[in-house]
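What follows is a single structure, and I will ask about it in a moment.
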Amino acid sequence: MKKGLLLFAITLVVAHMMAQEQKEVVTGQGYADDVYYSLDNGTVVTASRLTWDLGFTTDNFSVSILANNGAEVELYAYPKGDTADWETLDTTGMAWTPMYNSIETFDEGAFSANASMHPDYGWGTYNMSTHNITGDSLFVIKTLGGNYKKLAIIVRGAMANTWEFKYANLDGSDEVVELLNAGEYKAKSFVYYSIDSTAVVDREPATGDWDLLFTRYFDYNIPYIVTGVLTNEAHLLAQEVKEDDLDQSTFTQYADSAFTSGISIIGSDWKSFNMGTFAYDVATDVVYFLKKYGETDSTYYKIYFTGFSGSGEGKYTFMQEELMSSVSVSNPGMIKTLELYPNPASQVLNLVVDHQGEIAISIYDITGRNVYSRVDHSGGFNTLSMDIGSLQPGLFFLKVRAGDLTEVIRFIKE
């Protein structure tokens, strides 16, 4: 009897380990490439990082502009004036602090680093009549090629989904004015631009096609450029579990309430450089759980890293396992029929949901300040109305938490 139980236990362990697959992602010599990776299909796109300076969001209700910090592009806010000082910009004694992309969300690019209270978004001011954001700040950027340019965002056309901006040499020569139609790239999260080449760069796969981004980015908590993994916050949540004596191959004890949309949960600190061997050591006490959600179900994965080659090849080696899928019909924690209208709204905002149980709703302004909260108990298909008449006009984020799922929807208050 005991022998039979032992054989059964061994069979379960072997079957579990067979469900794990070893994966490899290669970012090239010197980590020159970004790799967009799908948990279902592997590498989707390998794109050179050395082709762009700026990334503009394609979401009408976002104001994010990225700087290519991972390739040492540096962005500075001009401290001596604003767009009115375009002709007289002076970099004498320049010792300014660069601004960096957020490592929490792609929705806060480097240009928003100085955002304050609405209607100031860090690089421009919101117009409640047109819903456009007019640039009012002056920047200096060190491009991928090491050239210093002055730069200003002219206007973000929210409804038209366009970006108009200009840049020139510091002395004003070779001025370029660009009108970028982000709506043409709506399936992607960002469309990119090279200042040195004066060209739009289409390098990113469709948002729904990738889950992980193997890349380089500036981690301002350290602070320096790191090589690591960011997650697609559009449909992926993550959590890290780190424990002494953790068995990476068999550990599956995630907490459904601990998943978060922070893009750098995996990040870079699962590895460290060993000065004795001049090679990277990979942590053996940490695993990452990923929750990929869609309209009708969620799928859970576990990954842990087993190797990292360093800059010679830029190869990541890791184990990946699909743990389970949960279908919304039998999962009361899944938000269904999630719709927000009207958008823009002036007085009343309506949220349509189909959920059994508690729903927590919060509204945040562009600075992250909570301006509205409520908790409801829903018995199924329901429309929840919110009075937003007291909010100042501008861009807001409505966060809905139902069971173990959290979703964020942007809206404009007129």
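Read-outs: derived from the displayed coordinates by stated rules, not from any lab. Computed from a prediction, not measured in an experiment: that's the story for all the values here. All Cβ positions, glycine included, derive from the backbone under ideal geometry; neighbour counts span all protein chains shown.
How far, in nm, would the chain grow between Thr306 and Glu72 when pulled straight, counting 0.36 nm per residue and subtracting the alpha carbon separation?
Roughly 81.4 nm would be gained on extension.
OK, next. Given Cβ point charges of +1 (Lys, Arg) and -1 (Asp, Glu) and nothing else, what value in debye, to the nearest 20, does the dipole of the chain about its Cα centre take?
Using Cβ point charges on Lys, Arg, Asp and Glu, the chain gives about 500 debye.
What FRET efficiency, computed as 1/(1 + (r/R0)^6) with R0 = 45 Å and r the Cβ-Cβ distance, is obtained for Lys315 and Val348, rounded to the nearest 0.05?
After rounding, the FRET efficiency stands at 0.25.
Okay, moving on. Report the FRET efficiency, 1/(1 + (r/R0)^6), for Glu358 and Ser173, where r is their Cβ-Cβ distance and R0 is 56 Å, rounded to 0.05.
For R0 = 56 Å, the calculated efficiency reads 0.40.
May I ask you to derive the FRET efficiency for Phe278 and Asn181 from their Cβ-Cβ distance with R0 = 51 Å, giving the value to the nearest 0.05?
The computed FRET efficiency comes out at 0.60.
Determine, for Trp96, Trp123, the number of other Cβ atoms within 10 Å of each Cβ, and report the residues in order from fewest to most.
Ascending Cβ contact count within 10 Å gives the list Trp96, Trp123.
Still on this structure: Sort all Cα-Cα distances of the chain into consecutive 10 angstrom bins from zero, then give the percent of pairs in each bin up to the one containing the longest distance.
Using 10 Å bins, I get a P(r) of 4, 20, 28, 25, 16, 5, 1, 1, 0 for the chain.
Divide by every residue of the chain the summed helix terms, -39500 (n - 2.57) for each DSSP H run of at least 4, and state the resulting mean residue ellipticity at 222 nm, rounded to the nearest 500 deg cm²/dmol.
Numbers: 1 runs with 17 residues, N = 414.
Using -39500 (n - 2.57) per qualifying helix, the result is -1500 deg cm²/dmol.
In addition: How would Trp86, Trp210 line up from fewest to most surrounding beta-carbon atoms within 10 angstrom?
By the 10 Å Cβ count, ascending, the order reads Trp86, Trp210.
Of the residues Tyr341, Tyr316, Tyr192, which exhibits the maximal mean-square fluctuation in a Gaussian network model of the chain defined by a 10 Å Cα contact cut-off?
Tyr341
Additional query: For Thr198 and Asp85 in the same chain, what is the full-extension length gain: residue separation times 0.36 nm, less their Cα-Cα distance, in nm?
My answer for the length gained is 38.3 nm.
Which residue fluctuates the most in the chain, going by a Gaussian network model with Cα springs under 10 Å, if the choices are Ser62, Ser309, Ser194?
It is Ser309.
Also, quick follow-up: If neighbour count is taken as other Cβ atoms inside 10 Å, put Ser38, Ser298 in order from fewest to most. Could the numbers behind the result be given before it?
Working: Ser38 17, Ser298 22.
So the ranking, lowest neighbour count to highest, is Ser38, Ser298.
What pairs from Lys80/Lys399; Lys186/Lys242; Lys292/Lys315; Lys149/Lys399 go past 29 Å between their alpha carbons?
Working: Lys80/Lys399 38 Å; Lys186/Lys242 38 Å; Lys292/Lys315 24 Å; Lys149/Lys399 38 Å.
Pairs exceeding 29 Å: Lys80/Lys399; Lys186/Lys242; Lys149/Lys399.
Here is a follow-up. Amide H to amide H under 5 Å from His355: which residues, 5+ apart in sequence or cross-chain, H placed 1.01 Å off N in plane?
Excluding prolines and chain starts, which carry no amide H, the hits are Gly380, Phe381, Asn382.
Now for a separate question. Quick check: residue separation of Gln392 and Glu21 times 0.36 nm, minus the Cα distance between them. What number comes out in nm? All intermediate terms of the calculation are to be shown ahead of the outcome.
Numbers: separation 371, 0.36 × 371 = 133.56 nm, distance 5.11 nm.
Roughly 128.5 nm would be gained on extension.
Now a separate question. Each label point is 7 Å from the Cα along the Cα-to-Cβ direction; what then is the distance between the points at Ser257 and Ser48, in nm?
My value for the distance between the label points is 5.0 nm.
Let me ask something else. Between Asp53, Asp174, Asp82, where does the largest GNM mean-square fluctuation fall for the chain, given springs only between Cα atoms within less than 10 Å?
Highest fluctuation of the listed residues: Asp174.
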